[in-house]
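Asker: One structure, pasted below without further comment.
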Amino acid sequence: MKTLIVVSSKTGNTLLLAHGICDALKDCDLVEASSVPEDLSEYGAVLLGFWCDRGMAPEDMQKAARGIHGKRIGCFATIGGDPQSDWARKWMDKTSQELAALGEGNTLEATFMCRGRIDPAVFEMMTKMAGGTVTPEREARRQASETHPDRMDVLRAAEVFGRMLG
């Protein structure tokens, strides 16, 4: 059976990752979260790609996930912070479980998360909320995210989902 990749991307980070995964897999289709087909019978697995939107998956991805039933699910995400941090790993686990559970009878089988460039407007808004000052630590996190996702992120994601799909 085919694999469907459903992606929500604000800055293009998650879309870049989705295209890389799709290119690496066989029998794969890629759609935006707003364009998920009603009939998913030709797909054995669905990979959901999203970004961190106020500590959760974006609304378009949540809506798309509600229409997915009885599928093997994989989730991948980009985040502006350190994907190895405790907060990020807990967020990814919780968000992936929630998305898989929005539909009925889905089984979450794999997840992948990497850094992604931070939307400049979001960075500016968060800076204002934090009093207008960018600390050296915060600037270092922003700079570390500027070059991601990179080729190695795409290769690692493709490997994770290649193993999931056999």
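The numbers here are math on the coordinates, done by the rules we state, and not lab data. These numbers were taken from a predicted model, which means no experiment stands behind them. A quick note on method: Cβ atoms are made from the backbone with ideal geometry, for glycine too, and the neighbour counts reach across all protein chains shown.
Asker: Could you give the alpha-carbon Rg of region 93-153 over 2.2 N^0.38 Å, rounded to two decimals?
Answerer: Numbers: Rg = 16.2 Å, N = 61, 2.2 N^0.38 = 10.5 Å.
Scaled against compact globular proteins, the figure is 1.54.
Asker: Between LYS128 and ASP39, what length in nm is gained on full extension when 0.36 nm per residue of separation is reduced by their alpha carbon distance? Don't skip to the answer; put the middle values down first.
Answerer: Numbers: separation 89, 0.36 × 89 = 32.04 nm, distance 4.44 nm.
Using 0.36 nm per residue and subtracting the Cα-Cα distance, I get 27.6 nm.
Asker: If you don't mind, another one. Return the distance in nm (one decimal) between the two label points of a simple spin-label model at ASP23 and ASP93, each offset 7 Å from Cα along Cα→Cβ.
Answerer: 3.3
Asker: Given the -39500 (n - 2.57) contribution per DSSP H run of 4+ residues, what per-residue ellipticity at 222 nm results for the chain, rounded to the nearest 500 deg cm²/dmol?
Answerer: Only helices count here, giving -13500 deg cm²/dmol.
Asker: Among all stretches of the chain without exposed trypsin sites (Lys or Arg not before Pro) (DSSP loop, at most 12 other Cβ atoms within 10 Å), which one is longest? All intermediate terms of the calculation are to be shown ahead of the outcome.
Answerer: Working: sites that count: LYS26, ARG54.
Excluding the exposed sites themselves, the longest stretch runs over 55-166.
Asker: In region 2-165, if every C-alpha pair distance is counted and binned at 5 Å from zero, what percent goes to each bin?
Answerer: Percent of pairs per bin, in order: 2, 9, 19, 22, 20, 13, 7, 4, 2, 1, 0.
Asker: What nm distance separates the two modelled labels at ARG151 and ASP82, each placed 7 Å from Cα along Cα→Cβ?
Answerer: Here the answer is 2.7 nm between the modelled labels.
Asker: For region 1-84, what is the Kirkwood hydrodynamic radius in Å, using each pair of distinct C-alpha atoms? Could the numbers behind the result be given before it?
Answerer: Working: mean 1/r = 0.0775 Å⁻¹.
So the Kirkwood estimate lands at 12.9 Å.
Asker: Would you please name the GluC sites (Glu not before Pro) within region 60-166 that are DSSP coil residues with at most 15 other C-beta atoms within 10 Å of their C-beta?
Answerer: Working: sites: GLU98, GLU104, GLU109, GLU124, GLU137, GLU139, GLU146, GLU159; in loops: GLU104, GLU146.
For GluC sites (Glu not before Pro) across region 60-166 that sit outside H, G, I, E and B with at most 15 neighbouring Cβ atoms in 10 Å, the list reads GLU104, GLU146.
Asker: Taking the chain as a Gaussian network, where each spring joins two C-alpha atoms under 10 Å apart, which residue of THR107, THR14, THR133 fluctuates the most?
Answerer: Taking springs between Cα atoms under 10 Å, the residue moving most is THR133.
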